[in-house]
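Let me begin by presenting the structure, written as structure tokens, before commenting on it.
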Amino acid sequence: MDSIPTFNAEHLQSNMKTIYYSRTFLSIIGGVIAGIMGFTSLTGFIFYFLIMAITSVGLLAKAGFTVHSYFDSWNRVLLDGFLGGLMGLPLPSRFCLLLIILL
Amino acid sequence: MALGFAVGVFGVLILFHAAYSTIQYRGLLKIMEEEFSGPPMNVVAELLLGLVFCIWAALTVPGKFLSIQPYSEENRIVSLPANSDFMIFNHRGKVFPLEMDVKLKH
């Protein structure tokens, strides 16, 4: 009899939350750094994508590169929260830039 | 967990220090009437260090990944609940093939 793959949903959700926290924190930190360095518009976006790529690699390493024992697909680890965190970057970035320019 | 948190706070403090240094550097540039093209090298190094600490903290603080495979070692149900009056064992699970390699875990 074929078995449909079933997952421990509670653990899956907890793992998703972990990823979300990591990405949100790092997008804010990335925003602060972009603001200090004076990155604006395009450079800032590129910097954000770089930070998110580093985060993805870090999360993969944390999962020991065996995605299937912790998540149901690669996309979840790599892309989830990518765009959600996009909102987290401009605010601290602008704030830091402003602070540095005014003071 | 506490170590990760401390490292994260330390990373953020390093970033604040770098921001303060940049502010002072800009003040200096204003006095010398030059353009601000970027923070000095030591501030960039400080930012990189702060970033490394924050990345490390962001990966360790939220907690470990839990296994989602139902048959993995840490997801085994090894004890029956105390109230087994309502547990039915005469169900359709008997048509599943026997797994002879499942070991009893003490």
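Please treat every number below as a calculation from the coordinates, not as lab data. Fair warning: this is a prediction, and the values are worked out from it, not measured in the lab. Here the Cβ positions follow ideal geometry from the backbone for every residue, glycine too, while neighbour counts run over all protein chains shown.
Students often check this: by mean Cβ neighbours within 10 Å, which of A:43-55, B:44-56, B:85-97 ranks highest, and how do the rest follow?
So the order, starting with the most tightly packed, is B:44-56, A:43-55, B:85-97.
What average count of beta carbons from other chains do you get within 10 Å of the Cβ of residues in A:25-32?
5
Can you give me the Kirkwood hydrodynamic radius for the range B:2-60, using every pair of distinct Cα atoms, in Å to one decimal?
Here the Kirkwood hydrodynamic radius works out to 12.2 Å.
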